[in-house]
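Each remark here refers to the structure printed beneath this line.
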Amino acid sequence: MGGVGDEEPATKRMKLSAGELRGLSNGSSCAKPVAGSSRDLMARPLPSEGDEQVVGSKGVIKRVEFVRLIAKALYSLGYKKSGAHLEEESGIPLHSSFVNLFMQQILDGNWDGSVDTLQKIGLSDETIVKSASFMILEQKYFELLDEEKDMDALKTLRTEIVPLCINGSRVRELSSCIVSPSFGGTPGKNIVRAKSRSKLLEDLQKLLPPTLMILDRRLEHLVEQALVLQRDACIFHNTLNEEMSLYTDHRCGKEQIPSQTLQILQAHNDEVWFLQFSHDGKYLASSSSDQSAIIWEVDMNGGVSLKHRLSGHQKPVSSVSWSPDDHQLLTCGVEEAVRLWDVSSGECLHVYEKPGVGLVSCGWFPDGKCIFSGVSDKSICMWELDGKELECWKGQRTLRISDLEITSDGKQLISTCRENAILLLDREVKVETFIEEDQTITSFSLSRDNRFLLVNLLNQEIHLWNIEGENKLVAKYKGHKRTRFVIRSCFGGLEEAFVASGSEDSQVYVWHRGSGELIEALPGHSGAVNCVSWNPANPHMFASASDDRTIRIWGLSEQKVKHRGAHSNGIHLNCNGGT
């Protein structure tokens, strides 16, 4: 019973040399022996008494581990001859003779032999030995079933697998493969059957200590980890096209941060209070105290031009919200009504109102079939697009001036419920949790991944909360000015690695989200900057809205935007503040 019978396919029975064994990570499971590979499955050691035990200037890299990782990487890359030569010249084997034998036995299907060898390779943890034995014998069991040797499989289950006394639920599943033909009509049809032997070996590598069997692509993982750490430590990293090199340490410059005014949009006739890019970054919507909203179009070169002016509100327009597919737009008047607009035509499709009260905020459910709004009586209401009211959450759910968000899975509604508290309402289990601040909350913004909430406070601070699981304050951003007005901030840049905010000193502030370091304070506006929106499709572009009645489009300093013509309603600039 130690091996698989003669009727087994030849591809499962072919032996591998030590070199091919070590190259399993590149998908190789059988090949001709490599010239120069050790015949006895063990590298021939050479004298190394005078060698240093560590390498590198810090003295933290063990020489033996380093050489073994390089050898593993060589085999993974297909350089089997070079890997074998490294083992021979260094005198450092990639694996011990017992481990090489064990690996060969797994590939040969010598299950009894591999279980026996497992006891000899130096494992002190009996739990790991049992778990590895279970995996091996399970493979043996399934291969016997595949060969229709049901009695032999049953014997393996009863006399080899069951006595291990582990994983009882899995043992019951395995027994059902024989004793319960009702499983899908065929014994064991719904049970995961035999895997390839190479895959079994990969799974065993993950279970066994890495000192015995090095994980596949371990060196590649360490190098990638080093590059990612360098990238994350770079507070200016903000481009998808950056080619990170192993030859030099990674370091970006400030030129990756949008800091140049490329365009000034002047179509509003009064203070611009709010703006937001569409999800695909092709449009920008703005709202103003002039009782209008404007849909702007962003061309392929980053130029912004007026597409539609949306008129009909009888009061200043406080906010806008894009539908999930960006085909429709909501606009909300100050304690007035919410209007639904078609982005393509600029036509008003519906007006949502409630008698005796005003609407103060608006948003979309993720499926795009329903909308919600905060109401001046502090409730939150939900409508179908045709205006049918579906649900209304009464009580102190929102304030008269309030932001309102919903997570992308539609499960959690987020609103400012008290001056210093944010409500997170789980719609499925009807559970309420709160974020409580010491200061008055003026606005908040939800990250695209639903993990973080950016909260603007009366005391001129912006707080970053992690709302995944237990709510936790993780960062604070300072420097901007806020004394009288509602100032809004946003996430932005590559992987939302930055925080940008308006300010009453007419500047736009940009921080690195992770470190909290202030990167830029950008002048240009001549009035308070009320809102900032970063283009989700272009990390090098954001827009700011100001009391000076303008919208500024910001980009990289060397970027040039082509003028689209007389209908752009904007001034194109080549330097900060100049025309």
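Nothing in this text is a laboratory measurement; each read-out follows from the coordinates by a stated rule. Fair warning: this is a prediction, and the values are worked out from it, not measured in the lab. FYI the Cβ positions are ideal-geometry reconstructions off the backbone, even for glycines, and counts take in every protein chain you see.
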>> Net charge within 12 Å of M135 by Cβ-Cβ distance, Lys/Arg positive one each and Asp/Glu negative one each, not counting M135 itself?
In response: +4
>> Run the reach check for K411 against lysines, Cα to Cα strictly under 16 Å, same-chain hits fewer than 8 apart removed. What comes back?
In response: K369, K430
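Using a Förster distance of 35 angstrom, determine the FRET efficiency expected from the C-beta separation of K476 and E224, and round it to 0.05.
On the way: r = 31 Å, r/R0 = 0.90.
FRET efficiency, K476 to E224: 0.65.
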>> Below 8 Å between Cα atoms, with a sequence gap of 6+, how large is the relative contact order for the range 254-555 in percent?
In response: 15 percent
> In debye, nearest 20: dipole of the range 424-531 around its Cα centre with unit charges on the Cβ of K, R (+) and D, E (-)?
Replying inline: 280 debye
> By a straight-distance test (C-alpha under 19 Å), which lysines pair with K315 as possible cross-link partners, with residues fewer than eight away in the same chain excluded?
Replying inline: K354
> How many percent of Cα pairs in the range 254-555 exceed 28 Å?
Replying inline: 32 percent
>> Greater than 25 Å separation of Cα atoms is the criterion. Which listed pairs, K80/K199; K378/K476; K130/K206, meet it?
In response: K378/K476
>> Just to check, using Stokes-Einstein with a Kirkwood Rh over alpha carbon pairs, what's the diffusion coefficient of the range 272-335 at 25 °C and 0.890 mPa s in µm²/s?
In response: 209 µm²/s
>> Run the reach check for K81 against lysines, Cα to Cα strictly under 23 Å, same-chain hits fewer than 8 apart removed. What comes back?
In response: K15, K32, K72
> What per residue convex hull volume, in Å³, do the alpha-carbon atoms of the range 296-449 yield?
Replying inline: 134 Å³
>> I'd like to know which of L522, G492, S415 lies farthest towards the positive end of the charge dipole of the range 399-524, counting +1 on Cβ of Lys and Arg and -1 on Cβ of Asp and Glu.
In response: L522
> Simple spin-label model, 7 Å along Cα-to-Cβ: K430 to A233 in nm?
Replying inline: 5.2 nm
> Which value, in debye to the nearest 20, describes the size of the charge dipole of the range 254-555 about its Cα centre when Lys and Arg Cβ atoms bear +1, Asp and Glu Cβ atoms bear -1, and nothing else is charged?
Replying inline: 400 debye
>> Please list the three semi-axes, largest first and in whole Å, of the ellipsoid equivalent to the range 49-169, using sqrt of 5 times the eigenvalues of its alpha carbon gyration tensor.
In response: 38, 17, 11
>> Under the 0.36 nm per residue contour assumption, what length would be gained going from the current alpha-carbon distance of D449 and I61 to full extension?
In response: 135.9 nm
>> Over all directions, the average projected area of the alpha-carbon convex hull for the range 443-487 comes to how many nm²?
In response: 3.2 nm²
> Taking θ as phi - 60°, what are the ³J(HN,Hα) couplings along the range 497-502 by the Karplus curve (6.51, -1.76, 1.60), each to the nearest whole Hz, with x for Gly and Pro?
Replying inline: 7, 10, 10, 10, 8, x
>> Counting C-alpha atoms alone, how compact is the range 445-553: give Rg to one decimal and Dmax as a whole number, in angstrom.
In response: 13.1, 42
>> If packing is taken as the average count of other Cβ atoms within 10 Å, what order do 245-251, 138-144 fall into, highest mean first?
In response: 138-144, 245-251
